[in-house]
Amino acid sequence: MALTDITASAVIQAIEEFDRLGRDGFLETHGFGRARRYLLEHNGKVYDSKAIVGVAHGYVPGQEALASSQFSGGEGHAVSVLRELGFSVVDGAADSA
């Protein structure tokens, strides 16, 4: 398991699944909670960044989706992976207060 295995294509596939299932359905299906701070912003919508990364890992050939407990959603992990792939991640802490 390496977050660096994740591709932009895998992230897009996870986003598409999120859109199909809706936020609550996606999070429940994959065992993630709502993002506490960081949100992936894509095409005018926001997504729970850690959940997207965990599920995207499962879209990488030969890999499985990651559980929430297997990695961090913070800047050093999920956020940096998304940004390195060219995605926009926003700090939603101000919005959730």
task: Let me have the relative contact order for the chain, percent, based on Cα pairs under 8 Å that are six or more residues apart.
output: 34 percent
message: Show me, for the range 16-28, the HN-Hα J-couplings you get by feeding each phi into the Karplus relation (A = 6.51, B = -1.76, C = 1.60, θ = phi - 60°), rounded to Hz, glycine and proline as x.
response: 4, 5, 4, 5, 5, 8, x, 4, 5, x, 5, 5, 5
field: Calculated from backbone phi, Karplus (6.51, -1.76, 1.60) coupling profile of the range 56-62 in Hz, x at Gly/Pro
entry: 4, 4, x, 8, 7, x, x
query: Between Ser68 and Ser9, what is the label-to-label distance in nm when each label sits 7 Å out along the Cα-to-Cβ direction?
result: 3.0 nm
query: If you wrap a convex hull around the C-alpha atoms of the chain and split its volume per residue, what is the figure in Å³?
result: 91 Å³
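Using helices alone, I'd like the mean residue ellipticity at 222 nm for the chain: each DSSP H run of four-plus residues gives -39500 (n - 2.57), total over residue count, nearest 500. Can you show the working numbers first?
Working: 4 runs with 42 residues, N = 97.
Helix contribution divided over all residues of the chain: -13000 deg cm²/dmol.
Bear in mind these aren't lab numbers, they're just calculated from the coordinates by the rules spelled out. Given the structure is predicted, the values throughout are model-derived calculations rather than measurements. No Cβ is skipped: glycine too gets one built from the backbone with ideal geometry, and neighbour counts run over all protein chains shown.
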